Amino acid sequence: MTRQVAGEPASQVVAEPLLQLTDVVKHFPLRSSGMLAGKREYLRAVDGVSLEVRRGETLGLVGETGCGKSTLARCITRLYELTSGTVSFGSADISRLSARRLRPYRRKMQMVFQDPYGSLNPRRRVGSIIADPFAANGLAKGAERKRKVQELMELVGLNPEHYNRFPAEFSGGQRQRIGLARALALRPEVVVCDEPVSALDVSIQAQIINLLAELQDKLGLTYIFIAHDLSVVRHASDRIAVMYLGRIVEIADTEDLFTRPRHPYTKALLSAAPTPDPDLVNDAERIVLTGEVPSPVRPPSGCRFHPRCPRAQSRCHVEDPVLESKNIDEGDRAVACHFPLADGESMMPELKEPS
């Protein structure tokens with residue numbers, strides 16, 4: 001696993017794509033009422049996402065609540081059927097496989113869910129919960145299954161002797177470790193972490209993040225890490241993809257994204273993050289976006305960010321920008337913007353105080 005350190009040159013991750021998404025779309029049909037009764041409408045949760053996830057990396061996925069992050073995660077793991085587009089695992093297209101043919105790939109892709117309280121059955125003992133993947137796939141029985149489960153518990157930092165306890169007897173951080181042990185039971189290649197630390201105390205968050213890094217180094221895992229806490233994503237990720245209203249608007253190496261954001265939405269998102277250095281608080285550009293996030297049922301024409309973007313021009317209203325590399329960067333970055341930001345460029349110069 002390659003991580004960047006602030007102040008060092010951006011690392012180049014040279015690894016083949018393990019997962020590849022091409023124009024992935026997931027629309028949910030809505031039941032119309034009133035004047036729209038009888039007219040079919042759709043919530044466009046994910047609306048044309050293309051990206052690669054490289055073997056051994058951690059790809060962070062960030063964006064406002066409701067932008068489609070969790071829906072995209074469930075499309076990747078085929079918990080949701082795709083409306084259109086393709087998801088490829090290695091060289092295999094798994095987008096339309098039947099449940100039987102998909103089973104070998106399900107063993108290679110697992111999820112860790114956000115809520116460590118709701119994702120575990122309170123009426124079952126943790127040993128039985130962690131053993132579910134073995135039972136579902138007809139692997140290991142009796143004493144061998146118990147031994148494997150206790151090895152998994154030890155691997156994630158739980159006491160194997162607590163095999164027969166119920167989830168209620170564990171703390172939130174311990175319950176998340178139980179969910180992680182269950183996800184690792186079949187030795188997957190990809191683990192999708194859907195906001196795995198957002199429900200935990202800050203001190204426990206650090207423990208889980210460090211555990212994920214240790215397991216990645218030990219087991220050669222590839223992570224898709226979804227979170228809304230930008231400081232957590234910065235610490236955990238090699239690359240970051242930024243989502244807005246169902247689409248990816250920017251992808252870049254972690255430190256490049258934080259130090260040189262190109263998309264106006266990315267810069268606005270980063271400006272909302274707390275600044276740990278009190279000496280820099282007054283120097284930080286605070287960007288307050290006007291208006292509400294448009295409805296995913298009726299997204300705006302052209303660039304979806306243009307109703308809230310201070311840099312929007314007439315072209316942005318009618319032409320949908322393509323996610324592509326821009327001439328202003330030589331690194332590993334793609335941005336969907338007609339007028340991307342240059343280094344040090346203020347997004348809202350008119351709001352700056354006169355010197």
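What follows is calculated from the coordinates using simple rules that are stated; it is not laboratory data. The model shown is predicted, which means the values in this text are computed figures rather than measured ones. Here Cβ is always computed from backbone atoms with ideal geometry, including for glycine, and neighbour counts include all displayed protein chains.
Please list, by residue number, every one of the GluC sites (Glu not before Pro) in region 60-151 that is coil in DSSP and has at most 12 other beta-carbon atoms within 10 Å. Don't jump to the answer; show the numbers that get you there.
Numbers: sites: 64, 81, 144, 151; in loops: 64, 81.
Listed in order of number, the matching sites are 81.
Just to confirm the number: angle between the C-alpha axis of helix 202-219 and the first principal axis of the chain, 0 to 90 degrees, nearest 10?
Result, in degrees: 70.
When the Cα atoms of the chain are enclosed in a convex hull and the volume is divided per residue, what value in Å³ results? Intermediate values should be presented prior to the final figure.
Working: hull volume 60.9 nm³, N = 355.
It is 171 Å³ per residue.
D for region 123-181, whole µm²/s, Stokes-Einstein with Kirkwood Rh over alpha-carbon pairs at 25 °C and 0.890 mPa s: what number?
Working: Rh = 11.3 Å.
D = 217 µm²/s.
Antiparallel versus total DSSP beta bridges in the chain: what percent is that, nearest 5?
Counting DSSP beta bridges with both partners in the chain, the antiparallel share is about 60 percent.
For the chain, take the longest principal axis of its alpha carbons; what is the angle in degrees between that and the long axis of helix 126-136, to the nearest 10 within 0 to 90?
90
For the chain, what does the helix formula give at 222 nm: sum of -39500 (n - 2.57) over DSSP H segments with n ≥ 4, over the residue count, nearest 500 deg cm²/dmol? Could you put the intermediate results ahead of the total?
Details: 10 runs with 98 residues, N = 355.
Estimated from H runs of four or more residues: -8000 deg cm²/dmol.
Explain nothing, just the number: relative contact order of the chain, from Cα pairs under 8 Å at least 6 residues apart, as a whole percent.
Details: 629 pairs, mean separation 66.4, N = 355.
Here the relative contact order equals 19 percent.
For the Cα atoms of the chain, what angle does the longest principal axis make with the long axis of helix 172-184, in degrees from 0 to 90, nearest 10?
Helix 172-184 sits roughly 80 degrees off the main axis of the chain.
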